[in-house]
Ligand code: ZN
Ligand code: MN
């Protein structure tokens, strides 16, 4: 940080950011590629990946890493929690303030200093719950 050269907001990069900011669905790079391709037909998936990485480094977006499967991206770079539906795979924002007291608790327990914590919620979303009740 601080040593990074200033990155220009190219046309492609701007479009990718615009697409990502226009949705709350936390899409994958493939989905973003399909959207951007409609306006920039000659763009490649590799270019989309590269620009997503640059935007991440610029602090404009966040990459949501769930380990094995491919990454999802978030146009909202502010730190916030997410809920993932185990039935349909949907990822939504959780409107819950960050629990900074957890950092303090852990610092006291381990005598360490905490930079950040990760907290993920998993379960069945309201729509999947409703669908289940219908078929039961
Ligand atoms: Zn669901
Ligand atoms: Mn989010």
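Annotation note: Cβ proximity below 8 Å between a residue of region 113-124 that is outside the structural domain of residue 91 (by TED's automatic domain parsing) and a residue that is away from ligand 1 (no atom under 16 Å from the Cβ) (sequence gap 6+ or interchain) occurs for no pair.
If you go through region 44-55 and keep only what is in contact (Cβ under 8 Å) with a residue 12 or more places away in the chain and farther than 11 Å from residue 13 by Cα, you end up with just 45. Pairing residues of region 76-98 that are in contact (Cβ under 8 Å) with a residue 60 or more places away in the chain and not assigned by TED's automatic domain parsing to the domain that holds residue 57 with residues that are assigned to a loop (DSSP other than H, G, I, E, B) and within 11 Å of ligand 2 (Cβ to nearest atom), at Cβ distances under 6 Å and at least 6 apart in sequence or on separate chains, gives 91/26; 93/80.
Taking the condition assigned by TED's automatic domain parsing to the domain that holds residue 14 and in a loop (DSSP other than H, G, I, E, B), does residue 39 pass? Yes: the conditions hold for residue 39. The residues in region 13-32 that are over 11 Å from residue 73 (Cβ atoms) and buried (at least 17 other Cβ atoms within 10 Å of the Cβ) can be counted, and the count is 2.
The values are calculated or read from the model by the stated rules, or taken from the named source; none is laboratory data. Values in this document were obtained by computation on a predicted structure and should not be read as measured data. Neighbour counts are summed over all protein chains in view; Cβ atoms, including those assigned to glycine, are modelled from backbone coordinates with ideal geometry.
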